[in-house]
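Here the structure comes first, spelled out in structure tokens, and everything after it is commentary.
The values are calculated or read from the model by the stated rules, or taken from the named source; none is laboratory data. Owing to the predicted nature of the structure, the values given are computational and were not obtained by experimental measurement. Using ideal geometry, Cβ is built from the backbone for each residue, glycine included, and neighbour counts are taken over all protein chains shown.
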């Protein structure tokens with residue numbers, strides 16, 4: 001099983017590969033002179049594309065057993081199967097007839113972090129290939145799909161030619177690739193997404209598509225990416241639009257797009273839930289191993305997990321988390337004197353901490369965490385789960401006055417008072433803002449609401465557009481008792497004004 005995971009191994013059924021080749025012929029009128037299938041596996045696309053009658057065929061595959069299968073099953077002198085590592089290989093150098101090249105295939109559907117966990121060698125040289133900065137460069141933002149890496153590598157290899165690239169991938173990968181085409185000023189005349197049923201084809205639950213890119217040797221580009229359904233290929237299903245560095249699912253959206261005046265933060269990351277996360281059971285705390293834990297409560301805080309965002313106001317908790325630091329890389333040795341029982345408990349489980357895979361813990365003090373700072377200790381927060389298609393923003397505070405910690409699959413902004421947090425929650429849950437968010441997020445993504453999406457919420461534009469009556473209607477929709485007042489809304493607007501002056 002690990003072998004299949006390591007290679008992202010979803011071999012394309014030959015009949016589906018044939019349908020894709022015929023689609024390219026019928027709807028894009030291509031007549032390739034050379035065909036390349038990178039990561040060709042058992043060669044489904046090489047076989048299916050023989051009907052194009054190209055002059056040259058090249059299949060590249062790292063798995064020698066698959067290479068043997070290809071060579072034994074394809075009896076054609078034009079076909080060359082090469083046992084090589086795609087990541088260290090330039091397929092373009094092989095091609096003699098470059099009039100029209102078709103690069104077609106089904107790259108591995110696996111992320112670089114998954115391969116790292118598997119200790120795989122089938123991985124590109126680690127590089128921040130999208131140019132992320134700071135924290136994003138070493139945490140989740142720099143985790144990428146190997147399929148995406150391969151497609152972008154091919155684009156850069158074949159740029160400024162008339163090559164057609166047709167790749168099976170997750171729909172989220174296709175959107176990222178479209179954005180990178182625009183961001184890197186690549187010349188292309190067409191970028192289409194043709195969605196298909198991945199469960200029907202591969203038996204996996206994923207939003208998947210055929211991504212078709214027509215590169216160009218002329219200076220040209222388009223801001224539109226058409227989305228089709230494979231079962232109705234002649235009809236545009238929807239369009240993606242590139243505007244000011246962002247991808248929109250359509251143009252009919254509320255004009256709340258801008259930059260958020262509050263900084264959205266991601267919750268705490270510890271990668272040791274069995275030890276760090278505790279549950280209150282019959283008055284005692286238990287860890288994930290069902291052990292009763294007797295430790296000081298000084299660094300134990302209420303925990304809000306992503307699955308708990310069910311109500312607009314949450315102030316009572318049964319989950320807790322040990323927070324060992326107040327800022328990243330802070331020394332933890334002082335805990336031995338300040339909370340000796342907790343120190344002993346953590347040390348007893350040192351092996352689990354040492355086995356954490358993420359590079360962020362290398363060279364860090366014992367029991368280090370990530371996603372901690374002064375903001376973590378704010379007593380009033382408005383948070384949201386990154387996972388749900390319909391976001392529910394919740395005011396978070398604790399009855400015991402302790403700061404509420406949030407897990408790293410959720411996001412939050414901080415406030416100095418309950419009333420300010422409450423107004424922000426109502427604005428974010430209002431019908432118009434919700435409509436805006438569902439339009440700018442991609443709901444088929446594993447995590448539709450990320451920091452990048454939330455950062456686009458412009459509160460100044462929202463308060464310019466939403467009235468106090470909008471707040472009271474949202475309060476009623478959320479089945480809350482009447483609490484918001486006009487003076488609270490005025491105070492929130494004054495806060496925005498003060499922040500504008502501060503950063504002007």
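Can you name the residue in segment 392-439 that is over 25 Å from residue 485 (Cβ atoms), touching a helix residue (DSSP H, G or I) at 6+ places or on another chain (Cβ under 7 Å) and assigned to a loop (DSSP other than H, G, I, E, B) and, of all such residues, is modelled with the highest pLDDT?
Checking each candidate, the answer is 403.
Which ones in segment 232-259 are part of a loop (DSSP other than H, G, I, E, B), modelled with pLDDT of 85 or more and surrounded by 16 or more Cβ atoms within 10 Å (Cβ to Cβ)?
256
Sort out which residues of segment 191-213 are surrounded by fewer than 16 Cβ atoms within 10 Å (Cβ to Cβ) and part of a strand (DSSP E or B), and write them in order of number.
197
With 294, 248, 334 as the choices, which residue is within 27 Å of the chain's Cα centre (by Cα) and either without any contact (Cβ under 8 Å) to a residue 40 or more places away in the chain or not assigned by TED's automatic domain parsing to the domain that holds residue 176 (or both)? Write out each step before concluding.
Values: 294 fails: within 27 Å of the chain's Cα centre (by Cα); 334 fails: within 27 Å of the chain's Cα centre (by Cα).
Checking each option against the conditions leaves just 248.
Being outside any helix (DSSP H, G or I), modelled with pLDDT of 95 or more and within 22 Å of the chain's Cα centre (by Cα), is that true of even one residue in segment 264-272?
Let us first name the residues in segment 264-272 that are outside any helix (DSSP H, G or I), namely 264-272.
When the remaining residues are screened for being modelled with pLDDT of 95 or more, the result is 264-265.
Cutting the leftovers down to within 22 Å of the chain's Cα centre (by Cα) gives us 264-265.
Yes, some residue in segment 264-272 is outside any helix (DSSP H, G or I), modelled with pLDDT of 95 or more and within 22 Å of the chain's Cα centre (by Cα).
Kindly indicate whether residue 453 is without any contact (Cβ under 8 Å) to a residue 24 or more places away in the chain and not in a loop (DSSP other than H, G, I, E, B).
On the way: without any contact (Cβ under 8 Å) to a residue 24 or more places away in the chain: yes; not in a loop (DSSP other than H, G, I, E, B): yes.
Here the answer is yes, as residue 453 does meet what is asked.
Listed here are the residues, each with its yes/no results for (1) without any contact (Cβ under 8 Å) to a residue 60 or more places away in the chain; (2) farther than 28 Å from residue 176 by Cα.
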| residue | (1), (2) |
| --- | --- |
| 29 | yes, no |
| 33 | no, yes |
| 43 | yes, no |
| 66 | yes, yes |
| 94 | yes, yes |
| 97 | no, yes |
| 109 | no, no |
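Which of the residues spanning segment 154-175 are surrounded by fewer than 19 Cβ atoms within 10 Å (Cβ to Cβ) and more than 16 Å from residue 220 (Cβ to Cβ)?
Step one: of segment 154-175, the residues surrounded by fewer than 19 Cβ atoms within 10 Å (Cβ to Cβ) are 156-157, 159-162.
Once the filter is applied, which keeps residues that are surrounded by fewer than 19 Cβ atoms within 10 Å (Cβ to Cβ) and more than 16 Å from residue 220 (Cβ to Cβ), segment 154-175 yields 156, 157.
Given the criterion on the phi > 0 side of the Ramachandran plot and buried (at least 18 other Cβ atoms within 10 Å of the Cβ), identify the matching residue among 367, 353. Walk me through it before giving the result.
Working: 353 fails: on the phi > 0 side of the Ramachandran plot.
Among 367, 353, only 367 is on the phi > 0 side of the Ramachandran plot and buried (at least 18 other Cβ atoms within 10 Å of the Cβ).
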